[in-house]
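To start, the structure itself, in structure tokens.
The values are calculated or read from the model by the stated rules, or taken from the named source; none is laboratory data. None of the values given here were measured: they were computed from a predicted structure. As a convention, Cβ positions derive from the backbone with ideal geometry for all residues, glycine included, and neighbour counts pool all protein chains shown.
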Amino acid sequence: MRRRLYFVLPDVGSAETIEKELLLAKVDDPHIHFLAKDGINLRGLHIANLLQRSDLLHGLGMGLVVGGITGAAVGLAMSFYPQLGDLIGLGGILVMSVFCAMVGAWVSGMIAVSLPNSRLRRFQPAIDRGEILLMIDVPMRRVKEIRELIMSHHPEVKAKGQEAQIPAFP
């Protein structure tokens, strides 16, 4: 299980130096993510991907749940009508629930892909000031080591905590 560590960096130079130190400390490149406001050239740094920048995962999950509940409620309501109820049955309610869950996930995902990640909302003022957000996904046993590595070599960096549960695939 991994933890996501957050740091706010003052500039691209610090970000490049820290990335090199993390790579030397055997933190894999896919586990290092940088996020900056539009217009800041992060050069060769590993930029946060769409799943990390947007609220896509949250939107998909919410759409799936709300769509499934809505589909089940509509299917259940339709089953109370005499002619329709006999035709639909429990299988129809299940099909309606699954179909509405898929449509809900698709629609909310399309909306959420354009929204900033709600987990990163607290960092938005720093990003707007031109600072760079660093997110590092490290195994639990290395959290203290990586935090101390960064903070001991870079007093200009602000540690902004950690997240206990990170999505499995972004």
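Of the conditions (1) at pLDDT 90 or above; (2) farther than 30 Å from residue 20 by Cα, residue 34 fails just one. Which one is it?
Against the list (1) at pLDDT 90 or above; (2) farther than 30 Å from residue 20 by Cα, residue 34 comes up short only on (2).
Hey, can you tell me all the residues within region 92-135 that are outside any helix (DSSP H, G or I) and not acidic (Asp, Glu)?
Answer for region 92-135, where residues must be outside any helix (DSSP H, G or I) and not acidic (Asp, Glu): 113, 114, 115, 116, 117, 129, 130, 132, 133, 134, 135.
Can you list residue pairs whose Cβ atoms sit under 7 Å apart, with the first residue in region 136-152 being surrounded by 17 or more Cβ atoms within 10 Å (Cβ to Cβ) and the second being of a type outside the set (Val, Ile, Thr) and not in a strand (DSSP E or B)? Count only pairs 6 or more apart in sequence or on different chains.
If the second residue must be of a type outside the set (Val, Ile, Thr) and not in a strand (DSSP E or B), the pairs left are 136/22; 136/31; 137/31; 138/31; 146/25; 149/21; 149/25.
Restricting to region 1-22, give me the number of residues that are loosely packed, with under 13 Cβ neighbours inside 10 Å and either out of contact with any strand residue (DSSP E or B) (no Cβ under 8 Å at 6 or more places or on another chain) or within 24 Å of residue 116 (Cα to Cα) (or both).
Residues in region 1-22 being loosely packed, with under 13 Cβ neighbours inside 10 Å and either out of contact with any strand residue (DSSP E or B) (no Cβ under 8 Å at 6 or more places or on another chain) or within 24 Å of residue 116 (Cα to Cα) (or both): 2 in total.
Which numbered condition in (1) within 19 Å of the chain's Cα centre (by Cα); (2) in a helix (DSSP H, G or I); (3) surrounded by 13 or more Cβ atoms within 10 Å (Cβ to Cβ) is the only one that residue 30 fails?
Among (1) within 19 Å of the chain's Cα centre (by Cα); (2) in a helix (DSSP H, G or I); (3) surrounded by 13 or more Cβ atoms within 10 Å (Cβ to Cβ), residue 30 violates only (3).
Pairs needed: first member in region 42-60, on the phi > 0 side of the Ramachandran plot; second member anywhere, surrounded by fewer than 18 Cβ atoms within 10 Å (Cβ to Cβ) and of a type in the set (Asp, Glu); C-beta distance under 8 Å; at least 6 residues apart or different chains.
43/16
Which number in (1) under 30 Å from residue 156 (Cα atoms); (2) not in a strand (DSSP E or B) marks the one condition that residue 138 misses?
So the condition that residue 138 fails would be (2).
Can you find even one residue in region 51-71 that is part of a loop (DSSP other than H, G, I, E, B), in contact with a Pro (Cβ under 8 Å, 6 or more places away or on another chain) and surrounded by 14 or more Cβ atoms within 10 Å (Cβ to Cβ)?
Yes, region 51-71 contains a residue that is part of a loop (DSSP other than H, G, I, E, B), in contact with a Pro (Cβ under 8 Å, 6 or more places away or on another chain) and surrounded by 14 or more Cβ atoms within 10 Å (Cβ to Cβ).
One line per residue, one yes/no per condition, for (1) over 29 Å from residue 70 (Cβ atoms); (2) of a type outside the set (S, T, N, Q); (3) in contact with a helix residue (DSSP H, G or I) (Cβ under 6 Å, 6 or more places away or on another chain):
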{"residue": "95", "(1), (2), (3)": "no, yes, no"}
{"residue": "98", "(1), (2), (3)": "no, yes, no"}
{"residue": "116", "(1), (2), (3)": "no, yes, no"}
{"residue": "125", "(1), (2), (3)": "yes, yes, no"}
{"residue": "132", "(1), (2), (3)": "yes, yes, yes"}
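Could you check region 90-135 and list, in sequence order, the residues that are of a type in the set (Val, Ile, Thr), surrounded by fewer than 17 Cβ atoms within 10 Å (Cβ to Cβ) and more than 26 Å from residue 43 (Cβ to Cβ)?
Residues satisfying the conditions are 95, 98, 103, 107, 111.
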